[in-house]
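Peer 1: This is the structure I have questions about; it appears just below.
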Amino acid sequence: MNYLFKTISLELKKTKRRGIWMVLTIFLLLITGWTGYNMNDERFLGFGWMMTLYNVPLINAILIPTAIAVFASRIVDIEHKGNTWKMLETMQPKFEIYLGKVFYGFAAILIFSTAELIIFLAMGYAVGFHGTPDLWAYGLFFVQTFSISFNLYLLQMIVSLIFSNQAVALCTGLCGSMAGLFLMYVPQWPFLRNMVPWGHYGASMFVGMDWNKEENIKGFYYMSQNNGVVFFIIGWFFVLMLGGWLVFRHMDTDGFHFSFKYRRPPKHTTNELTDNASPSYKPVKLPHLPVELLKIRRAPIWLAFIVLPLISAVIGTGNYLNNLEILTSTWYSLWTQHALFFCYFFMPPLVGVYASYLWRLEHNGTNWNMILVNTSVWRLVLGKVMVCAAITFLTLGWLCLLYIICGLYAGFTEPVPAELLEWLACGVLGGIAVCAAQCFLSLVIRSFAIPIGMALVGGFAGLAVTAKGHYYLLPYSLMSMGMRANNPDLNVNITTFVSYSIFFTLLFYLLMIWYIRHHDVRTQ
Amino acid sequence: MNTNIIETDSLTKGVGSQTRVNHIDLRIPEGCVYGFLGPNGAGKTTTLKLLLGLLKPTAGTITFFGQKMTEQNRLSILKYTGSLIESPSFYGHLTGLENLQIIAKLKKLPAGEITNVLQTVRLYEQKDKKVKQYSLGMKQRLGIAMALLGNPRVLILDEPTNGLDPAGIQEIREFIKNLPIIRQMTVIVSSHLLSEMEQMADMVGIINHGSLIFQGTMAALETQGESLEDAFLKLTGGGESL
């Protein structure tokens, strides 16, 4: 026990001033706010305790994976950034270093899950839910939240360990989170739900909702879980703990090279100081690509760009095909299945990944010294926003292309909606505003992960203001509204929409210029 | 070596106890190697960053090529400078060549310049390797190559021999020494090593606790004490690390 506390306190010291606990606190507040905003509605007080057990896992499935991806990345990235692995390995056994990270996450997830449990119990009593909570059920909910979240932490920690470029970990978190959320709506694929650790929040839900169109929510009921998810959770725990250790054990101090199995034979290179043979100099060429595109060669962000819309398309189509009796508007029904969650919950963090990656290139080392003596601030910022916008356009375009392919696969005989081009154009225009906002955040906040977490919060805020009718209040709501993510029939005032999109883009563009001009260069 | 290519007047950064650079008046003649010498933390890098407009001065002015530097003309002035500040800047996931291509495109230089600088720093054979796989010395060479791109009139190098092996250090020192003669460049090179300056510099400026305490030729420095080392220690207070 003493060892456990010592290890955790060491990790706590390392993460001082990293705002790590702020990440979990903000996400906890978000979960509380979202789930609790209509808790005191008199219609729900009668079954409030059960309703909470139904709602919270759902919200957890959307928010916790990203929170954990950000959290794990912050913990591991300090070692990559500080190049401290080689120092640590001379002072501590490798297993202790590994356990340090595991214990820290364990403690954090335990505190998070406990806080969530206490908050919802307290809120239930505060708003006056009828009766008393079923403590066994709440105990089970706590155990599930903790164990599933801890597995996700282990998974994210391993990815953050292997790839020093944290874009990979954040993209993995986003892709997994999306798959998990979508799989909640596809009970027909139980094995897949159990297999994907992000899907465990949905697979382990034990409260169902009695609902119909006429009477709305009638009540909630307990469901038995005969899907064997418990075994999958336990199995994943062992796989991740042991697998993570095996990976870490074989990791060199300067990164993971797959050295135990897949070492690439080194290329023969001459030693410039000792080799006297005069090399033959071939002229080099200048590529035609813009500078900012040259910088993102071999970037891992393309992984999320391809995978995330693909997950949305595959599972969205699966869900559509399994619910043909409810979803009757062919192309339009399929569109909501593809675009709803993607645009509100995943596109903003994905744009956040793009923006964070683009600015991280300059935040690294002393790159600011080099870039600011060679290019103007206007050009630099414009380049960043344009590249971010171009990838956003490709992502949304890819989503639309997959939508058409899936529609044809589903056997639609009607033509593809002509409005699709307008949705895409508006989505991209709103997306550019999000790009500018995220670029600003990633410029000011040097952390890779924090702006991505903020993007997720932004996506939610966008949904909230949209629900209240303030469609143009945030850039995040503009993008989803432009894509008609939750309602293909929504009438958008194009003039207002374009004006607000341009306003936000210009605002954040000018804020970036102002920020760089009025702040001294900071290098690592 | 008559006209000053760079001048600063009362250049200051910070206020009160936070003052990092205090009323510095640099006079750097054209066509010389100007050694900027001082103990660790004396304010060398801060001064060089101020010269490049990477830090905003609290007070004072900077004049490059007879033109007072402002936010508006900063980049047009810096077009004629090359710099390596703190440590080499690079994109580790790109190759050495790709890094140089980026600088060449930003400076609007022809591709031939890249081959030249790669040959100069003897990195041509390693140009297709990712920079994150470079050794410390190779990264330093790449940093120098980036600074040399475009054959600038002024080269500002902050401790350029860091990370190089003895042969590399000697090679770079010789190279810097010859730049004013071969390429008509003015070189400002910072170091905390007096011996290094002795080998390279025509002029020297010594900074300590943010203030310029000596500026003149190496010969003039020698007159301040029994030997160069003695003069330097006397000026900087002696006991501090160099």
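Peer 1: Which condition does A:Gly462 not pass, out of (1) under 19 Å from the mean Cα position of the chain (by Cα); (2) surrounded by fewer than 24 Cβ atoms within 10 Å (Cβ to Cβ), if it passes all the others?
Peer 2: (2)
Residue-by-condition table, conditions (1) assigned to a helix (DSSP H, G or I); (2) within 14 Å of another protein chain (Cβ to nearest Cβ):
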{"residue": "A:Ser480", "(1), (2)": "yes, no"}
{"residue": "A:Asn487", "(1), (2)": "no, no"}
{"residue": "A:Thr495", "(1), (2)": "yes, no"}
{"residue": "A:Ser499", "(1), (2)": "yes, no"}
{"residue": "A:Leu506", "(1), (2)": "yes, no"}
{"residue": "A:Leu511", "(1), (2)": "yes, no"}
{"residue": "A:Trp514", "(1), (2)": "yes, yes"}
{"residue": "A:Asp520", "(1), (2)": "no, yes"}
{"residue": "A:Thr523", "(1), (2)": "no, yes"}
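Peer 1: If the requirement is being touching a residue at least 60 places away in the same chain (Cβ under 8 Å) and over 21 Å from A:Gln337 (Cα atoms), which of these qualifies: A:Phe440, A:Phe460?
Peer 2: From the options A:Phe440, A:Phe460, the qualifying one is A:Phe440.
Peer 1: Report yes if B:Thr95 is surrounded by 14 or more Cβ atoms within 10 Å (Cβ to Cβ) and of a type in the set (Val, Ile, Thr), otherwise no.
Peer 2: Spelling it out, B:Thr95 is indeed surrounded by 14 or more Cβ atoms within 10 Å (Cβ to Cβ) and of a type in the set (Val, Ile, Thr).
Peer 1: A further question on this structure: Do we have any residue at all in the stretch B:44-58 that's at pLDDT 90 or above and more than 11 Å from chain A (Cβ to nearest Cβ)?
Peer 2: yes
Peer 1: Pick out, from the stretch B:96-214, the helices (runs of 4 or more DSSP H) lying fully within it that include 3 or more residues that are closer than 19 Å to B:Tyr80 by Cβ and small (Gly, Ala, Ser).
Peer 2: B:136-148
Peer 1: B:Leu78 versus (1) aliphatic (A, V, I, L, M); (2) crowded, with 21+ Cβ neighbours inside 10 Å; (3) over 23 Å from B:Glu159 (Cα atoms): which is the lone unmet condition?
Peer 2: (3)
Peer 1: Looking only at residues that are facing chain A (nearest Cβ under 7 Å) and in contact with a helix residue (DSSP H, G or I) (Cβ under 9 Å, 6 or more places away or on another chain) in the stretch B:103-113, which one is surrounded by the fewest Cβ atoms within 10 Å (Cβ to Cβ)?
Peer 2: Only one residue tops the list, namely B:Ala111.
Peer 1: Still on this structure, I have one more. Would you confirm whether or not the stretch A:17-29 contains a residue that is small (Gly, Ala, Ser) and in a helix (DSSP H, G or I)?
Peer 2: no
Peer 1: Output yes when any residue across the stretch B:114-131 is without any contact (Cβ under 8 Å) to a residue 12 or more places away in the chain, at the interface with chain A (Cβ under 7 Å from one of its Cβ atoms), of a type in the set (A, V, I, L, M, F, W, C) and farther than 19 Å from A:Arg298 by Cβ, and no when none is.
Peer 2: Checked against the condition, which is being without any contact (Cβ under 8 Å) to a residue 12 or more places away in the chain, at the interface with chain A (Cβ under 7 Å from one of its Cβ atoms), of a type in the set (A, V, I, L, M, F, W, C) and farther than 19 Å from A:Arg298 by Cβ, the stretch B:114-131 yields no hits at all.
Peer 1: What are the residues in the stretch B:77-102 that are more than 18 Å from the chain's Cα centre (by Cα) and either under 24 Å from B:Gly14 (Cα atoms) or at the interface with another protein chain (Cβ under 10 Å from one of its Cβ atoms) (or both), if any?
Peer 2: B:Tyr91, B:Gly92, B:His93, B:Leu94, B:Thr95, B:Leu97, B:Glu98, B:Asn99, B:Leu100, B:Gln101, B:Ile102
Peer 1: Suppose we keep only residues that are outside any helix (DSSP H, G or I) and of a type in the set (Ser, Thr, Tyr) within the stretch A:298-351. Which one would you say is surrounded by the fewest Cβ atoms within 10 Å (Cβ to Cβ)?
Peer 2: Once the filter is applied, the top-ranked residue is A:Thr328.
Peer 1: Kindly check whether there is at least one residue in the stretch A:285-306 that is farther than 25 Å from A:Val387 by Cα and under 28 Å from the mean Cα position of the chain (by Cα).
Peer 2: no
Peer 1: Could I ask something else about it? Listed residues B:Gly41, B:Gly82; which is touching a residue at least 60 places away in the same chain (Cβ under 8 Å) and not charged (D, E, K, R)?
Peer 2: Sole residue among the options that is touching a residue at least 60 places away in the same chain (Cβ under 8 Å) and not charged (D, E, K, R): B:Gly82.
Peer 1: Would you call A:Trp359 surrounded by 21 or more Cβ atoms within 10 Å (Cβ to Cβ), touching a residue at least 12 places away in the same chain (Cβ under 8 Å) and within 14 Å of another protein chain (Cβ to nearest Cβ)?
Peer 2: For A:Trp359, the condition - surrounded by 21 or more Cβ atoms within 10 Å (Cβ to Cβ), touching a residue at least 12 places away in the same chain (Cβ under 8 Å) and within 14 Å of another protein chain (Cβ to nearest Cβ) - is met.
Peer 1: Residues that are closer than 24 Å to A:Ile111 by Cβ and buried (at least 20 other Cβ atoms within 10 Å of the Cβ): does the stretch A:38-46 have at least one?
Peer 2: Yes: one or more hits.
Peer 1: Only residues that are among the hydrophobic types (A, V, I, L, M, F, W, C) and touching a strand residue (DSSP E or B) at 6+ places or on another chain (Cβ under 8 Å): list them for the stretch B:79-105, please.
Peer 2: Result: B:Leu84, B:Ile85, B:Leu94.
Peer 1: Shifting gears a bit: Which residue, of A:Pro265, A:Pro283, is more than 14 Å from chain B (Cβ to nearest Cβ), at pLDDT below 85 and loosely packed, with under 12 Cβ neighbours inside 10 Å?
Peer 2: Residue meeting the stated conditions: A:Pro265.
Peer 1: Applying the selection to the stretch A:116-132, what residues are within 11 Å of A:Phe146 (Cα to Cα) and hydrophobic (A, V, I, L, M, F, W, C)?
Peer 2: The answer is A:Leu117, and nothing else.
Peer 1: Hey, among the residues in the stretch A:369-417 that are over 25 Å from A:Ala433 (Cα atoms) and aromatic (Phe, Trp, Tyr), which one's farthest from the other protein chains (Cβ to nearest Cβ)?
Peer 2: The extreme case among them is A:Phe412.
Peer 1: Name the residue, out of A:Ser113, A:Ser160, that is modelled with pLDDT of 95 or more and either more than 20 Å from A:Met195 (Cα to Cα) or among the small types (Gly, Ala, Ser) (or both).
Peer 2: So the residue among A:Ser113, A:Ser160 that is modelled with pLDDT of 95 or more and either more than 20 Å from A:Met195 (Cα to Cα) or among the small types (Gly, Ala, Ser) (or both) is A:Ser113.
The values are calculated or read from the model by the stated rules, or taken from the named source; none is laboratory data. All values derive from a computational prediction rather than experimental measurement. No Cβ is skipped: glycine too gets one built from the backbone with ideal geometry, and neighbour counts run over all protein chains shown.
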